[in-house]
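Below: the structure, in structure tokens.
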Amino acid sequence: MTLKATKTSDVKGSCLIWGWLSLLVVLLDLGSKQLADMYLDYADPNPLLPVFDLTLLYNRGAAFSFLSDAGGWQRWLFAMIAVLVSTVIVVWLRRIERKHWWLGLALSMVLGGALGNLYDRVVLGYVIDFISLHYQGYYFPAFNLADSAITLGAVILIFDMLFLEAKRKPSKEKM
């Protein structure tokens with residue numbers, strides 16, 4: 001079995017160039033969570049608009065507080081899932097040609113969001129949420145910038161799959 005050597009030109013021509021966006025998402029996410037934790041009182045809504053509050057909440061579960069009362073094991077399960085998904089995304093970004101920038105953009109946003117929430121989960125044992133949207137007594141579950149990046153990245157990924165993937169022609173591999 002032989003392993004193909006990675007050429008510097010292969011890495012430079014890949015979507016790994018979008019790593020700066022992942023880093024930016026992580027920095028903005030962690031910074032905003034730190035500010036929320038410092039300046040907001042837990043579970044005390046701070047109205048900014050009729051449909052938008054800043055409300056500090058700690059989520060020990062996954063999306064929509066799934067398994068938040070499971071006893072603690074879920075922290076490590078979700079951390080392992082985040083590490084696995086992040087690894088797959090990095091490998092995927094490495095294999096995508098730079099010209100497919102919509103896909104690189106989407107995956108980098110998902111990666112940044114996953115890493116931001118992973119940090120919270122491993123270091124704090126919970127994810128800090130603080131963005132609360134509501135309308136006439138109906139509340140959407142609180143979320144953070146990492147969740148927003150993951151959602152936006154997923155929307156762009158769906159757009160890419162529906163409208164751009166079919167137009168791609170596979171590149172010929174050099175032997």
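The values are calculated or read from the model by the stated rules, or taken from the named source; none is laboratory data. Remember, predicted model here, so these are calculated numbers, not experimental data. Virtual Cβ from ideal backbone geometry, glycine too; neighbours counted across all protein chains shown. These area figures cover heavy atoms from the full protein model, side chains too; ligands, DNA and RNA do not enter into them. Shrake-Rupley method; radii C 1.70, N 1.55, O 1.52, S 1.80 Å.
How do Tyr126, Tyr135, Tyr39 stack up against each other in accessible area, from largest to smallest, with a 1.4 angstrom probe?
From most accessible down to least: Tyr39, Tyr135, Tyr126.
Return the FRET efficiency for the residue pair Ile17, Ile81: r is the Cβ-Cβ distance, R0 is 30 Å, and the value is rounded to the nearest 0.05. Please list the in-between numbers first.
On the way: r = 26 Å, r/R0 = 0.87.
After rounding, the FRET efficiency stands at 0.70.
Please give the length that would be gained between Met38 and Val91 if that part of the chain were fully extended, namely 0.36 nm times their separation in residues minus their C-alpha to C-alpha distance (nm, one decimal).
15.5 nm
Using 0.36 nm times the number of residues separating Phe140 and Leu24, minus their current alpha carbon distance, what extension gain do you get?
39.2 nm
Under the rule of at least 5 residues apart or a separate chain, name every residue whose amide H is placed under 5 Å from the amide H of Arg98.
HN-HN under 5 Å from Arg98: Ser14, Cys15.
Subtracting the Cα-Cα distance from 0.36 nm times the residue separation, let me have the gained length for Val123 to Leu152 in nm, one decimal.
Full-extension gain reported as 7.9 nm.
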